[in-house]
């Protein structure tokens, strides 16, 4: 395949992760920051000839006379960022399309700028958004108006208007590394349906720190030889993965990560991890990606320390795939110690997005296995991108009458350029984490349930997207084990990027 010529840097020379590799959280096949909010992982996927960015870069190269060869396949985001910087290096004014490209590839440009001497963009508007030569600041504010009808719990007549604001800084010190900081503020607390994880209506964009702007995420990643390592006082396990478990962009967070169940579900705390991605010369070739990481709820507590007993999660995964498809298998081990917990359980990681029985992790720990698979069509059309996820969990130390194992699954579909180019439609259906076996043999848990969501992203412009969404569920009954708890809701989510 002919690649763009006069690229200032090749991804291999930068020592960055291969196309399967991802870091940071919130998972999206189109936009790094969107994925950070939903999957909580930045997705450094390739740019395809059918993508608007690919076509815009080709037009840019022709317009400014950059020496390039027309490619007949995908290019990496870093190749695209290098071309963009090369073509706009001497340009004082940029048009709307060029400004959109700068915003799209800002994180990659920031990393390249710290790696290569003299690779400093002189685009006025881009530099105005920086407070250092190697740091990029991005922001997002989300308004949500809507409500939920539940058989138990919520006021059926209540329609709320809430918000969240997120500020992200991506800083590179060597060009190969990344210091990620996220600040959050919002009023989607427990009094709103959008802040309820136990009821399954928690939004991917939700935050409840209304009275202050808090440091929500803080971690550092860098390559060491053929490996990439992470460490941070505010991180989650799924940030430290060499490949993203899901490409589905959810509205409800229960559909994030291919199903936010026991395997990938986590809470912000301190941790560290390492990952390896198989090197390949062809960026479109399939490759292996292996990750392992550790997080501890008391890692910043002097009475516990990094390796002391307490609420811990160890997550490992093996993935194989290309930019268009991937399969992965992950294992998570949760450990809990009664002496360090007011309520001895592993519920910090396992009771969210569950039924009443599915949340019962009353033992000394548990282990979970998660399978993920996704596929994207080569061309945009009627055929959607497909995401599948399945988790199963075994609870340790249970006794007679208690739940011994649980499971959850989901299927997500996404269509690009629906009705209007740049718009997207999504649909997910599945089952929350539910009981599948009791410790007493022969006991039937009868804990089946279903949940779903459907949405449409209407892109007003590059900085504003309106997302009408409907969602529902049957027999979810978290907190109401004696009967069903069906839900139905609707909302309009408006996202502003700056």
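Please treat every number below as a calculation from the coordinates, not as lab data. Just so it is clear, the structure is predicted and the values come from calculations on it, not from any experiment. Here Cβ is always computed from backbone atoms with ideal geometry, including for glycine, and neighbour counts include all displayed protein chains.
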_If packing is taken as the average count of other Cβ atoms within 10 Å, what order do 161-170, 193-202, 207-216, 372-381 fall into, highest mean first?_
193-202, 161-170, 372-381, 207-216
*Among 432, 63, 100, 150, rank each residue by its count of other Cβ atoms within 10 Å, from fewest to most, as a rough exposure measure.*
63, 100, 150, 432
*For residue 318 and residue 63, compute 0.36 nm times the residue count separating them, minus their Cα-Cα distance, and round to one decimal in nm.*
87.5 nm
*If you line up the Cα atoms of region 177-331 on their principal axes, what length do they span on each, largest first, in Å?*
51, 37, 26
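Need the full-extension length gain, residue 284 to residue 224, defined as separation in residues times 0.36 nm minus the C-alpha distance. One decimal, nm.
Numbers: separation 60, 0.36 × 60 = 21.60 nm, distance 2.42 nm.
Extending this stretch completely gives an extra 19.2 nm.
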*State, to one decimal in nm, how far the label point of residue 423 lies from the label point of residue 210, with both points 7 Å from Cα in the Cβ direction.*
3.3 nm
_Extension gain (nm, one decimal) between residue 466 and residue 454, 0.36 nm per residue minus Cα-Cα_ = 2.9 nm
